[in-house]
1. Filter region 14-38 down to residues that are aliphatic (A, V, I, L, M), assigned to a helix (DSSP H, G or I) and either in contact with a Gly (Cβ under 7 Å, 6 or more places away or on another chain) or at pLDDT 95 or above (or both), then give me how many there are.
2. Can you find a residue in region 202-214 that is modelled with pLDDT of 95 or more and among the small types (Gly, Ala, Ser)?
3. Quick check on region 143-176: of everything there that is in a strand (DSSP E or B) and of a type in the set (Val, Ile, Thr), which residue is surrounded by the most Cβ atoms within 10 Å (Cβ to Cβ)?
4. Being assigned to a loop (DSSP other than H, G, I, E, B) and either among the hydrophobic types (A, V, I, L, M, F, W, C) or touching a Ser or Thr at 6+ places or on another chain (Cβ under 9 Å) (or both) is true for just one of LEU201, LEU188, LEU193. Which residue is that?
5. Would you confirm whether any residue within region 83-101 is part of a strand (DSSP E or B), surrounded by 20 or more Cβ atoms within 10 Å (Cβ to Cβ) and modelled with pLDDT under 95?
6. Among the residues of region 175-194, which ones are farther than 18 Å from ALA81 by Cβ and in contact with a Lys or Arg (Cβ under 9 Å, 6 or more places away or on another chain)?
7. May I ask you to verify whether ASP119 is touching a helix residue (DSSP H, G or I) at 6+ places or on another chain (Cβ under 6 Å), touching a residue at least 60 places away in the same chain (Cβ under 8 Å) and not in a loop (DSSP other than H, G, I, E, B)?
Amino acid sequence: MSEASGKEHPLSILMNEAYQVFTDLGFEIATGPELESEWYNFDVLNVPKDHPARDMQDTFWIKEKEGNVLRTHTTATIARAMELAGKEGRIPAAFISVGKVFRNEATDVTHEMQFYQIDGGMIGENISLADLKGVLSHFYKKMLGEDVEIEFRPSFFPFTEPSIEVFAKWKGQWLEMMGAGMAHPNVLKNIGLNPNKHQCLLFGGGLDRIAMIKWGIPDIRFFYQGDLRLNQF
């Protein structure tokens, strides 16, 4: 009796596809630690000290290493990369990062305590919200097909101003895919850049949700359970 051979995980497939889309646009791949400092996970990104995201009910704080968390996003990685680019005089620059993130929240078909997030940023002069919408529209068309329905809605995030949310049509309903916007001036100051000279677009969202739409996977939890219904990959 023959044994079935192992196959690449769907999230690994999607990660490589996402990296290809952005590197084709000139983005550099950035990597960072999963155990992140409070400074890069929250403070750099203009998240107030009393913001609910800092609560133990939302974030995994590390008792043995005070002031550190399991990162709740990979925007921290983008902030690190842009800070280094500024110090090295490598602006304009664009970065993309995909990595595992952690949220202390209840799980359901579209939410999980551990998932993969894609984050990106582009910094330079004369960068606008139109550039952001153009980049994200291109990305989702490449990932989900030219006929994908994408909608941009006004929103609020402490690290972007203005802020938008990106939604995609899934099973007849709009599914939130990503948060995005133009970096708040305080974010640029925190990484040592002049907000009067540079503009920066930021975006970030779950890679798992893209996979759910792309391949019709009904439950985000399937990705982490060794579910044999994913063996077609």
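The values are calculated or read from the model by the stated rules, or taken from the named source; none is laboratory data. Here the structure is a predicted model, which means the values were calculated and not measured. Quick reminder, even Gly has a Cβ in these numbers, built from the backbone with ideal geometry, and neighbours come from all protein chains shown.
1. Adding up the residues that qualify gives 2.
2. Yes.
3. THR160
4. Exactly one residue qualifies, and that residue is LEU193.
5. Checking region 83-101: at least one residue is part of a strand (DSSP E or B), surrounded by 20 or more Cβ atoms within 10 Å (Cβ to Cβ) and modelled with pLDDT under 95.
6. Within region 175-194, LEU175, GLU176, MET177, MET178 meet the criteria.
7. So ASP119 fits the description; yes.
Results for (1) aromatic (Phe, Trp, Tyr); (2) in contact with a helix residue (DSSP H, G or I) (Cβ under 9 Å, 6 or more places away or on another chain), shown as yes or no for each residue.
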site	(1), (2)
GLY134	no, no
GLU146	no, no
GLU149	no, no
PHE152	yes, yes
ILE164	no, yes
LYS189	no, no
ASN194	no, yes
